[in-house]
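The values are calculated or read from the model by the stated rules, or taken from the named source; none is laboratory data. Quick caveat, the model's predicted, so the values are computed rather than measured. Counting neighbours? That spans all protein chains shown, and the Cβs are built from the backbone with ideal geometry, glycine included. The protein model used for the area step is the full one, side chains on, heavy atoms only, and it has no ligands, DNA or RNA in it. Shrake-Rupley method; radii C 1.70, N 1.55, O 1.52, S 1.80 Å.
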Amino acid sequence: RQISFLNTVPNNLSMFLTETVAGRTNYQSLKHLFVAGGRFTLGLYGRCKSFLHSSVSVYNFYGPTESTVYSHGHRLTFTESEDCVDQVIS
């Protein structure tokens, strides 16, 4: 399935980006990844850098729900000086 857009919570994304799952999954068609509904940790940030190709647009969203309402968002550049402030993902 050539999935190009994924909207998920950080816990699910962490599962998707493990050696076991990522090793048998092709993320080449993925273009946009929206993550919301929980904290985007430094560990998850590192796994995104390791497992996703650089052309995937990854957005860290905040809002009262992760499915339909966003109140704040930031596109991650995977340049730590731009994305991380005091060890917290922007």
Problem set entry | 19 Å reach of a label modelled at Gln2, 7 Å along Cα-to-Cβ, counting backbone N of region 16-32 | 25-32
Exercise. Which percent of the accessible area of the chain is formed by carbon and sulfur heavy atoms (probe 1.4 angstrom)?
Worked result: 51 percent
Problem set entry | Positive-end residue of Tyr27, Leu17, His72, charge dipole of the chain with Cβ unit charges | Tyr27
Problem set entry | Of Ala36, Ser81, Leu52, farthest towards positive along the dipole that unit charges on Lys, Arg, Asp, Glu beta carbons give region 17-90 | Leu52
Exercise. Where the eigenvalues come from the Cα gyration tensor of the chain, what are the semi-axes √(5λ) of the equivalent ellipsoid, largest first, in whole Å?
Worked result: 20, 16, 12
For this session: Can you tell me how much longer the chain between Thr79 and Asn26 gets when fully stretched, taken as 0.36 nm per residue apart minus their C-alpha distance, in nm with one decimal?
Result: 16.7 nm
Exercise. What is the magnitude of the charge dipole of the chain about its Cα centre, with +1 placed on the Cβ of each Lys and Arg, -1 on the Cβ of each Asp and Glu, and no other charges, expressed in debye to the nearest 20?
Worked result: 360 debye
